Structure formats: structure tokens, C-alpha cells
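The values are calculated or read from the model by the stated rules, or taken from the named source; none is laboratory data. Predicted, not measured: the structure shown is a model, and the values here were computed from it. FYI the Cβ positions are ideal-geometry reconstructions off the backbone, even for glycines, and counts take in every protein chain you see.
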Amino acid sequence: MRERGHRVTVKSIKVGLMELAHGGTVFLDEIDKMPMNLQVKILRVLQEKQVRPVGGSRMVPVDTRIITATNRNLRSLPRENLFLVDLYFRLNILNIHVPPLRERKNGIMLLVAAFCRRHTPSVPAAIFSPAVRDALMRYD
């Protein structure tokens, strides 16, 4: 493999996700869809605070915060053998339930205003006609 005319060894590019996140945070979205073999590896990182790089012979210490998200009830997945019980309990430290927008309609126009401020600061959210605002509020 070549990079800018220099030879790069395979070993030099095999830095894993957890090593890169050392001292920081990893966000794992849709954790409920993670295959069991990867769940085992994440659990090992949480328990032992170290990883063995692919092809490596030594363990590398990692200090990584893991934040996960799912739209399923993660509590029920271990009973269905779809999620490791130990990993569930390691991750289940702080739960933040964010109800869908359809259950908190009062937030729709607040979000519209925020998006307008961010992306088109010169155009106020009030530019939307009442018909458009009503359509947004009715949409599930």
C-alpha cells in the first residue's frame, strides 16, 4: 500500500475504534442490532479496559466512555437471546428516554425555529404560512 509515495505497513494502519477513542467517547447507535460476537468484544472493553488489536500479541489499555442508542426496549432483548445480559447491565447506567416528536408536538415549531436560525439566519421561522405549520403539527 502506498500513501504519498511512502510505503505504509499494514501494522501502522490497524488502529481500532477503541484505541482511537482512548480518552474520549464512542457513540454506538442501534446497539440492539450489534452481532453477538461484537457485543462480547464491547463487554470485554468495558470489563477489562483493554483491547487486543487485530493481529496483535499484546493488550492495549483504553479509557473510553461508551454511549449507546436504540429505539427498541433493550431490557427485553436478553430474554430473547438477542443481547448479552452482562453487556446490558454494564451499559444500563443512565437511561434517557426521548419520546418521539409525534408525542410532543409542542416541540415541532421550536425545532423549525432552531433550524431556521442555524441554516437561514436571515429568514425567520414565522415565514411559514399557517397552513404549513398546521401540516407540520398534523404529521405523525
| message | Residues that are surrounded by 11 or more Cβ atoms within 10 Å (Cβ to Cβ) and out of contact with any Gly (no Cβ under 9 Å at 6 or more places or on another chain): does region 93-103 have at least one? | response | no
| request: Look at region 76-112 and say how many of its residues are of a type in the set (A, V, I, L, M, F, W, C) and in contact with a Pro (Cβ under 8 Å, 6 or more places away or on another chain). | output: 2
| task | Six or more apart or on different chains, Cβ under 8 Å: which pairs go from a residue in region 114-133 that's surrounded by 11 or more Cβ atoms within 10 Å (Cβ to Cβ) to one that's outside any helix (DSSP H, G or I) and aliphatic (A, V, I, L, M)? Could you list them? | result | Cys116/Val123
| request: Among the residues of region 63-117, write down those that are in contact with a His (Cβ under 8 Å, 6 or more places away or on another chain) and either among the acidic types (Asp, Glu) or under 30 Å from Arg133 (Cβ atoms) (or both). | output: Asp63
| note | Picking from Ala125, Ala131, the residue that is at pLDDT 90 or above and not assigned by TED's automatic domain parsing to the domain that holds Glu19 would be Ala131
| query | Name the pairs: first residue in region 40-53 and on the phi > 0 side of the Ramachandran plot, second residue loosely packed, with under 14 Cβ neighbours inside 10 Å and acidic (Asp, Glu), Cβ to Cβ under 8 Å, at least 6 apart or on different chains? | reply | Lys49/Asp63
| Could you give every pair whose Cβ atoms fall below 8 Å, whose first residue belongs to region 70-83 and is at positive phi, and whose second residue is surrounded by 11 or more Cβ atoms within 10 Å (Cβ to Cβ), counting only separations of at least 6 or pairs across chains? | none
